[in-house]
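**Student:** First the structure, which I've put down as structure tokens, then a few questions once you've had a look.
Every number here is computed from the coordinates shown, using simple stated rules; none is lab data. No experiment lies behind these values; they were computed from the predicted model shown. Don't worry about glycine lacking a Cβ; one is built from the backbone with ideal geometry, like all the others, and counts go over all protein chains shown.
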Amino acid sequence: MKKICFMLMFCCLFLWSCVVAQYIKEPYTSIEKIMHVPGFNKNEIYDQTKIYIAENFRSAKAVIEYENKETGTIIGNGSTIYPAESGMAAVALANWRTNFTMRVDIKDEKFRCTFSNIKVAWPASFDVNFGVRAAGERSIGFEQESVNIKKELLKIPDSIAFHIKKGKTNDNW
């Protein structure tokens, strides 16, 4: 019974993706967001951004690839949970990730986050009905996937700005 339910789930997911999915005609190469943080100088924003990255972007690979405090630039690699729709798709794609390169350019009272090299990654898996599927990575290929990933990535600059503001209030512990 479990095998039948599992097969039905994947068949429904496959049929749903064939009917609903629309390929991207012109995929974007980068996503950008500028955040204003009044009252914070370049050095404060830089330091708090590095702390945010260290606390939130854990990776087997080195997270920060380049940093220069004088120019106010940090470039690193990040990974976040793949933003699957709810229901069957969320179950089937639970271990998928969105990998990206993030560049942060910092000035007094503002910073700009630019996301590039955005890829969808999935882990290796085994299913008794379908066999082994190797781990892999691909570019964004579908319209709804593009919308969902962009929405998730644009939450990161908001989180960094919140962290910067919160960091100043937590100085007196």
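**Student:** Exactly one of (1) outside any loop (DSSP other than H, G, I, E, B); (2) out of contact with any Gly (no Cβ under 6 Å at 6 or more places or on another chain) is unmet by ILE106. Its number?
**Tutor:** Evaluating ILE106 over (1) outside any loop (DSSP other than H, G, I, E, B); (2) out of contact with any Gly (no Cβ under 6 Å at 6 or more places or on another chain) leaves (2) as the failure.
**Student:** Shifting gears a bit: Restricting the search to the range 106-144, which residues are in contact with a Lys or Arg (Cβ under 8 Å, 6 or more places away or on another chain), charged (D, E, K, R) and farther than 19 Å from LYS155 by Cβ?
**Tutor:** Selection gives LYS107, ASP108, ASP127, GLU137, ARG138.
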